[in-house]
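The values are calculated or read from the model by the stated rules, or taken from the named source; none is laboratory data. It should be emphasised that the depicted structure is a prediction, and the values quoted were computed from it without experimental measurement. Quick reminder, even Gly has a Cβ in these numbers, built from the backbone with ideal geometry, and neighbours come from all protein chains shown. Protein only, heavy atoms only, side chains kept; ligands, DNA and RNA dropped before computing areas. Shrake-Rupley method; radii C 1.70, N 1.55, O 1.52, S 1.80 Å.
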Amino acid sequence: MRSETYSRDRYHHGNLPEVLIDEGSKVLAEKGIDGFSMREVARRAGVAVAAPSHHFGNAKGLLTAIAAQGFGKLAKNMELAATASRDSEDRVVAMCQAYRAMGMSDPGYAAIMFRVELVDESDQRFQEQAARAFGLFEEALERAASRSVDAAQISYAARTLWATMHGLVDLKMIKDQEAEELIRFAVRTLLAGIR
C-alpha cells in the first residue's frame with residue numbers, strides 16, 4: 001500500500017516520466033539491453049504495468065527517452081567541464097574526460113545512447129540532445145584548431161574523437177590515469193593533424 005501511495009504521489013506531481021526514465025537507466029545498467037523490459041521498469045517505479053506504455057508508447061519509446069536524457073546529461077557535463085580551463089586544448093581534454101566519466105558512472109545511459117537500431121532516431125528530443133552533445137565537440141575543436149581549418153576537417157576530427165571516447169568507455173580495464181594520458185594524446189594528435 002505504501003508503494004502505491006508513493007507512486008500515486010509521484011504521478012500526481014507530474015514526474016512519473018522522469019522516474020520511469022531513471023528506473024529504465026538502472027535496469028539497463030544492471031541487466032543490459034537483453035534484460036530490459038517495460039514490466040521491470042514499472043515494477044521498480046512501483047506503478048501499474050501499463051504506466052510506461054501510457055507515457056512512452058512502447059519499449060523503443062522509453063529507450064529513446066533514456067538515450068535523449070543521456071545525451072542531455074552528457075552535454076551538460078561536458079559544458080561544465082569545459083568551463084574549468086581557459087586553454088582551448090585543455091577544454092577539449094576536459095570535455096573528453098567528462099564523456100568518459102559519465103560513461104563509467106552512468107552505464108545505463110551509455111548502454112543505449114549509441115544503439116541506433118533500438119531507438120527512434122526521428123524523435124525530436126533525441127535528435128536535439130544528440131546534436132547538442134556532438135556539437136560541443138565540434139565547437140571545442142574548432143576553437144582549439146587554427147582558423148584555416150575547414151568545417152569538414154573539424155567534423156571528421158570530432159567524429160574521430162567521439163569514437164575514441166566511446167571506446168575508452170567500453171574498455172573498462174583501462175585505469176583512470178592511463179585513460180587521461182590516452183585522452184591527452186588523442187586530442188593533441190588530432191589537433192596537430194588538422195592544424
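Assess whether residue 79 counts as being in the same structural domain as residue 187 (by TED's automatic domain parsing), open to solvent by 50 Å² or more (accessible area, probe 1.4 Å) and more than 27 Å from residue 32 (Cβ to Cβ).
In short, yes.
Within the stretch 116-138, is there a residue that is among the aromatic types (Phe, Trp, Tyr) and within 30 Å of residue 57 (Cβ to Cβ)?
Within the stretch 116-138 (the criterion being among the aromatic types (Phe, Trp, Tyr) and within 30 Å of residue 57 (Cβ to Cβ)), the answer is yes, since at least one residue qualifies.
Could you list, in sequence order, the residues of the stretch 98-118 that are closer than 14 Å to residue 68 by Cβ and among the aromatic types (Phe, Trp, Tyr)?
Within the stretch 98-118, 109, 114 meet the criteria.
Return the pair list, or none, for Cβ contacts closer than 6 Å from residues in the stretch 173-185 that are assigned by TED's automatic domain parsing to the domain that holds residue 162 and at pLDDT 95 or above to residues that are β-branched (Val, Ile, Thr) and assigned to a helix (DSSP H, G or I), at least 6 apart or on different chains.
183/93; 184/93
It is to be established whether one or more residues within the stretch 47-60 are within 13 Å of residue 125 (Cβ to Cβ) and crowded, with 18+ Cβ neighbours inside 10 Å.
For the stretch 47-60, residues within 13 Å of residue 125 (Cβ to Cβ) and crowded, with 18+ Cβ neighbours inside 10 Å: present.
I'm trying to understand the selection: among the residues of the stretch 148-195, which are within 17 Å of residue 98 (Cα to Cα) and outside any helix (DSSP H, G or I)?
171, 172, 174, 175
So which residues in the stretch 98-124 are under 20 Å from residue 174 (Cβ atoms), open to solvent by 60 Å² or more (accessible area, probe 1.4 Å) and not hydroxyl-bearing (Ser, Thr, Tyr)?
Selection gives 104, 114.
Consider the stretch 82-93. How many of its residues are surrounded by 22 or more Cβ atoms within 10 Å (Cβ to Cβ) and free of Cβ contacts under 8 Å to residues at least 60 places away in the same chain?
Number satisfying all stated conditions: 1.
Of everything in the stretch 138-160, what is in contact (Cβ under 8 Å) with a residue 40 or more places away in the chain and either among the basic types (Lys, Arg) or touching a Phe, Trp or Tyr at 6+ places or on another chain (Cβ under 6 Å) (or both)? Give them in sequence order.
The one that is in contact (Cβ under 8 Å) with a residue 40 or more places away in the chain and either among the basic types (Lys, Arg) or touching a Phe, Trp or Tyr at 6+ places or on another chain (Cβ under 6 Å) (or both): 143.
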